[in-house]
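Q: First the structure, which I've put down as structure tokens, then a few questions once you've had a look.
The values are calculated or read from the model by the stated rules, or taken from the named source; none is laboratory data. Fair warning: this is a prediction, and the values are worked out from it, not measured in the lab. Here the Cβ positions follow ideal geometry from the backbone for every residue, glycine too, while neighbour counts run over all protein chains shown. The area values use the complete protein model at the heavy-atom level, side chains included, leaving out ligands, DNA and RNA. Shrake-Rupley method; radii C 1.70, N 1.55, O 1.52, S 1.80 Å.
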Amino acid sequence: MHESTLTVLRIAPGKAPEAVTIKNTLEALQAEVGGEIEAIYPFPEEAAVVAHGEAKLIGLPLNRALTDDSGVVYDIIAGTFLVVGLKRDNFASLPPELQEKFAKRFARPEAFVRMDGKIAVIHL
């Protein structure tokens with residue numbers, strides 16, 4: 001069954017995450033991130049990041065870091081992104097317990113600096 005709306009977390013650069021309800025359409029997802037979407041699957045949970053596929057190329061502001069299990073930054077998401085739930089081969093609403101978990105994970109805006117050949121994250 002296809003949900004007509006999705007409740008997801010919107011995470012904009014410099015802002016705290018907010019739960020929003022959007023239409024479950026490609027156009028609505030694109031409107032939220034400002035262009036063509038790319039799905040990233042960095043979590044073990046049934047959740048994904050939906051971001052602008054060319055955000056870094058077009059110079060959107062860096063937003064939040066993705067880190068490995070040791071806390072080492074392996075990527076930085078640029079521009080506004082969404083954390084969505086997953087069901088089979090579709091996006092779904094993010095369950096309340098995952099909304100809470102990812103709201104905490106991405107709660108603080110971040111800035112980034114290169115130091116000694118590595119990227120350091122500064123929590124604002």
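Q: Given the protein chains as shown and a 1.4 Å probe, how many square angstrom of residue 98 are accessible, to the nearest 10?
A: 20
Q: If you don't mind, there's one more thing I want to ask. Determine the per residue accessible area of region 1-74 with all protein chains present and a 1.4 angstrom probe, expressed in square angstrom. Mind showing how you got there, number by number?
A: Details: 4300 Å² over 74 residues.
On a per-residue basis, region 1-74 sits at 58 Å².
Q: Sticking with this one: Tally up the carbon and sulfur contribution to the accessible surface of the chain as a whole percent, 1.4 Å probe, everything protein left in place.
A: Working: 3930 of 7340 Å².
It is 54 percent, rounded to a whole number.
Q: Taking the Cα centre of region 68-124 as origin, sum charge times position over the Cβ atoms of Lys and Arg (+1) and Asp and Glu (-1), and report the length of that vector in debye to the nearest 20.
A: Numbers: 8 positive and 8 negative charges, 28 e Å.
The dipole of region 68-124 has a size of about 140 debye.
Q: So, taking all protein chains as they sit and a 1.4 Å probe, how much accessible area belongs to residue 23, in Å² rounded to tens?
A: Solvent-accessible area, nearest 10 Å²: 140 Å².
Q: Right, something else. How many angstrom separate the Cα center of region 36-80 from the Cα center of region 107-124?
A: Comparing the Cα centres of region 36-80 and region 107-124, I get a distance of 14 Å.
Q: Taking the Cα centre of the chain as origin, sum charge times position over the Cβ atoms of Lys and Arg (+1) and Asp and Glu (-1), and report the length of that vector in debye to the nearest 20. Display every interim value, and only then the final one.
A: Values: 13 positive and 17 negative charges, 72 e Å.
Dipole of the chain, to the nearest 20 debye: 340 debye.
Q: Another question about this same structure. Is there a pair in 15/56; 23/101; 56/87 whose C-alpha atoms are over 26 Å apart, and which pairs would that be?
A: On the way: 15/56 19 Å; 23/101 23 Å; 56/87 28 Å.
Long pairs (Cα-Cα over 26 Å): 56/87.
Q: With the contact rule set at Cα under 8 Å and sequence spacing of 6 or more, what percent relative contact order holds for the chain?
A: 27
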